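The values are calculated or read from the model by the stated rules, or taken from the named source; none is laboratory data. Nothing here was measured: the structure is a model prediction, and the numbers come from that model. Cβ placement follows ideal geometry from the backbone for every residue including glycine, while neighbour counts extend to all protein chains displayed. Areas reflect the complete protein model, heavy atoms only, side chains present, ligands, DNA and RNA absent. Shrake-Rupley method; radii C 1.70, N 1.55, O 1.52, S 1.80 Å.
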Amino acid sequence: MQTQNGSLMKIVFLMAVVFFVGAILYWAGLPGALHIPFLVSVGYAVLSNYAAILSIGIAIGIAKENQGAAGLAAFLGYEVIIQGATAISKTIDASDKSAFVLVAGLISGVLAGFMYNRFYKTKLPTWLGFFGGRRFVPLVTAFASLFIALILGHTWH
Amino acid sequence: MLGQLQRIGKALMLPIAVLPVAGLLLRLGQPDTLNIPFMAAAGSAVFNFLPLLFAIGIAVGLAKENHGLAGLAGFVSFEVLSYGSTAINSANNLGYLGAIVAGLLTGWLFNRLSQVKLKSLEFLGGGRGIAVILITLLSVVISIVFGYIWPFVQDAFNALGHWLGATGAIGAGFYGLFNRLLIPFGLHHVINTYIWFVYGSYHGVTGDLNRFFAGDPTAGGYMAGFFPIMMFGLPSAALAMILAARPERRKAVAGVLGSAAFTAFLTGVTEPIEFAFMFLAPLLFLFHAILTGISMFVVYALGIRDGFTFSAGLIDYILNRNHATHGWWLIPIGLVVGVIYFLVFYFSIKIFDIKTPGRENEGVEFAGMGGFILDEYQVASDEPVQAVGRLATQDNSMSQQARGYVMALGGAGNIAEIEACTTRLRLNLKDMSQIDEAQLKKLGASGVMKLNQHSAQVVVGTIADMLVDEMKQFM
């Protein structure tokens, strides 16, 4: 899984630091500390998106040479899973702090990473040539995520 | 300056490449097509989150080696900028414009900050990791600036939008003209991005393309006029070039240009045809740009509205037929445009003896369709060129080809830096004189550009990414 001698681990550490920075900003802005609402907002910008950040980070950690196309695909998959599943089942709680967004983030991250390594060299017929190679990765990840949305939409409680 | 703008144009390609996913999911999911609501929901989600995909994609596109951490930083940066600037002024809405700025800023900062070397922070991924953290912190500061200046930026762009709206069909016509004139430089994406994603507003959705898919009946005026040109005009131009080729070359040319015409008709990817005559006959290209402008003007003035998520080809035409206003009018207009293109191209080529493919002087090797290709977007044309011009290299595996490239560039020792850029190798060489251009052309390269003493670019076609991966095995 770690093709780049532990680059996934490094990215996980890095994300932890980013979350930590977000937490400090958030905490510093609270009424009990410096009481600056602006800092609460920017801290919240990082913390409320933790699942999406995890998704992107995991994907590029798994992807060969940490290529960015995997990160883009991961975020795409993350949104497809959440919006698709919640359209199927209205009872799914997909708010910032729900377990569902964490699961969606983890699945889409791993999925996009593996999809990258599997499909980044895909050659398509000439008339579809534009969508070959790395650009093919977000496409297949989105469609695979649609199936995951279908499954989660019907099974998640 | 031009180089910088071209890098931005290129960086816009990755997020633009995910648009068709959104279009397919949305349109296939909607009631008038397959009626799968959760698919439509997923598709519209992609539209809603496009600004974030722009922030990620542009940052990645600008970053050295397209490193993914730039994308992560782009995402965090855009979120921080939008939350921060909204906290300062709740009327601020960064949208696409903010996402593009965040993406550009992140990509630029990432390349500079990732040079930092701190041994003690190696566990975070070295300089790149430090860059992500610094970009996060800098975004906090920049969001304060954004908070105060964004109202003025919004006003300026709203004024631009109102002005453009007031020009109506004339504005659409000039947009069409400049859109094509910028193709040789790959800068058309810069104005497209404004028109398609920023211009106008409908229930909080901005941009002609987004509004079209959100159901705004007035949207689509800046896309509809492309359908006659791309589905009929340029394929007819290709037909004219095929018929104007010398009889003994006609079959080979038909193979290349025929598939390019089919591609244009079906998907709306037109660069392979445009590059076939752009540099050989600039006047014909000017004619093409003017006719695109006229088509945009006429279609807009007639009240025809249609849209696409990829380009103005048959696939998008069929997919979006129920969203279009008077969409079927585009077909008869297209037929007229097709006849005009055919006549103008055929007779100009014959009368002025333009050396379009298949009309080269005897004894001159078929040198490829465009010669020197400036656009990164130039997609499918390289492959057919190889198919016709370099049959010899067809059997070679990618690995052997890669070895050949390394040798022709002066060996592994001569290559200081190599990067793939969609259709080119961007190189930093120790000794420029060791490049063997003839050998490179034999291997399938369609152009070599020496930019200065050390940097060069070799146009190799859509295989660039994969080729570089293989070349690194020999270095």
Fill in: Global size of chain B as Cα Rg and Dmax, reported in angstrom
23.6, 71
Worksheet item: Over the C-alpha atoms of the protein assembly as shown, what are the Rg and the largest Cα-to-Cα span, Dmax, in Å?
Response: 24.8, 85
Discussion item. Which lysines, if any, have their Cα less than 27 Å from the Cα of A:K97, not counting same-chain residues under 8 positions apart?
Written reply: A:K10
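Taking the Cα centre as origin and putting +1 on Lys and Arg beta-carbons and -1 on Asp and Glu beta-carbons, what dipole magnitude results for segment B:226-352, to the nearest 20 debye?
On the way: 7 positive and 5 negative charges, 70 e Å.
So the dipole magnitude of segment B:226-352 works out to roughly 340 debye.
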Response to the item:
At the level of C-alpha centres, the distance separating segment B:203-254 and segment A:108-150, in angstrom, is 26
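Largest first, what is the accessible-area ranking of B:M241, B:M466, B:M407 with a 1.4 Å probe? Working shown, then result.
Values: B:M241 0, B:M466 20, B:M407 130 Å².
Putting B:M241, B:M466, B:M407 in descending order of accessible area: B:M407, B:M466, B:M241.
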Worksheet entry | Contact surface A-B: accessible area buried, both sides summed, square angstrom, 1.4 angstrom probe | 5200
Discussion item. Suppose only helical runs count, i.e. DSSP H with n ≥ 4. What mean residue ellipticity at 222 nm does that imply for chain B under -39500 (n - 2.57) per run, divided by all residues and rounded to the nearest 500 deg cm²/dmol?
Written reply: -19500 deg cm²/dmol
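Of all the accessible heavy-atom surface of segment B:191-263, with the other protein chains kept in place and a 1.4 Å probe, what percent is carbon and sulfur?
That fraction is 68 percent.
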Fill in: segment B:202-353: Rg to Rh, with Rh as the Kirkwood radius over Cα pairs
1.03
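Once the Cβ-Cβ distance between B:L302 and B:N452 is put in as r, and R0 is 60 Å, what FRET efficiency do you end up with, to the nearest 0.05? All intermediate terms of the calculation are to be shown ahead of the outcome.
Values: r = 50 Å, r/R0 = 0.84.
FRET efficiency, B:L302 to B:N452: 0.75.
Give me the inter-chain shielding for A:138-145: mean count of other chain Cβ atoms within 10 Å, whole number please. Write out the running numbers ahead of the final one.
Values: counts 8, 5, 1, 2, 9, 5, 0, 1.
Per residue, the number of nearby Cβ atoms from other chains is 4 on average.
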Item to complete: Could you pull the Cα extents of segment B:121-191 along its three principal axes, largest to smallest, in whole Å?
Response: 57, 34, 10
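Among residues other than B:G410 whose Cβ falls under 9 Å from its Cβ, what is the net charge (Lys/Arg +1, Asp/Glu -1)?
Values: positive: B:K430; negative: B:D431, B:D436.
Surrounding charge for B:G410 is -1.
Taking a cut-off of 14 Å, what percent of all Cα-Cα pairs in segment A:4-71 are separated by more than that? Write down the numbers at each step before the final one.
Values: 1370 of 2278 pairs.
That tail contains 60 percent of the Cα-Cα pairs.
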Worksheet item: Ratio of segment A:68-155's C-alpha Rg to 2.2 N^0.38 Å, to two decimals?
Response: 1.15
Practice prompt. Take B:L34, project a point 7 Å from its Cα along the Cβ direction, then tell me which residues of segment A:58-85 have their backbone nitrogen under 20 Å from it.
Written response: A:76-85
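With the convex hull built on the Cα atoms of chain A, state its orientation-averaged projected area in nm².
Working: hull surface 43.6 nm².
With every direction weighted equally, the projected area is 10.9 nm².
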Worksheet item: Which distance in Å, rounded to a whole number, links the C-alpha centroids of segment B:70-138 and segment A:49-106?
Response: 20
Discussion item. Please compute, for peptide A:82-90, the average count of beta-carbon atoms on other protein chains lying within 10 Å of each residue's beta-carbon.
Written reply: 5
Discussion item. Take A:L106 and A:S89, extend 7 Å from each Cα along the Cα→Cβ direction, and tell me the distance between the two endpoints in nm.
Written reply: 1.6
Worksheet item: Which value in Å does the Kirkwood hydrodynamic radius of segment A:67-112 take, with 1/r averaged over all unlike C-alpha pairs and then inverted?
Response: 10.7
Practice prompt. For segment B:127-172, list whatever residues lose no less than 50 Å² of accessible surface once every protein chain is in place, relative to that chain by itself, with the probe at 1.4 Å.
Written response: B:I133, B:V140
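Between B:Q400 and A:L124, what is the FRET efficiency for a Förster distance of 25 Å, r being their Cβ-Cβ separation, to the nearest 0.05? Display every interim value, and only then the final one.
On the way: r = 23 Å, r/R0 = 0.91.
The pair B:Q400/A:L124 has a calculated efficiency of 0.65.
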Response to the item:
Note to self: Kirkwood Rh of segment B:2-167, Cα pairs, one decimal, Å, is 17.2
Practice prompt. Give me the distance in nm between label points sitting 7 Å out from Cα along the Cα-to-Cβ direction at B:M475 and B:D431, one decimal.
Written response: 1.8
Item to complete: Report, ordered by chain and residue number, the lysines lying within cross-link reach of B:K441, taken as a straight Cα distance under 26 Å and ignoring same-chain residues fewer than 8 apart.
Response: A:K121, A:K123, B:K10, B:K251, B:K355, B:K430, B:K450, B:K472
Item to complete: Send over a whole-number figure in Å² for the accessible area per residue of segment A:1-85, probe 1.4 Å.
Response: 35
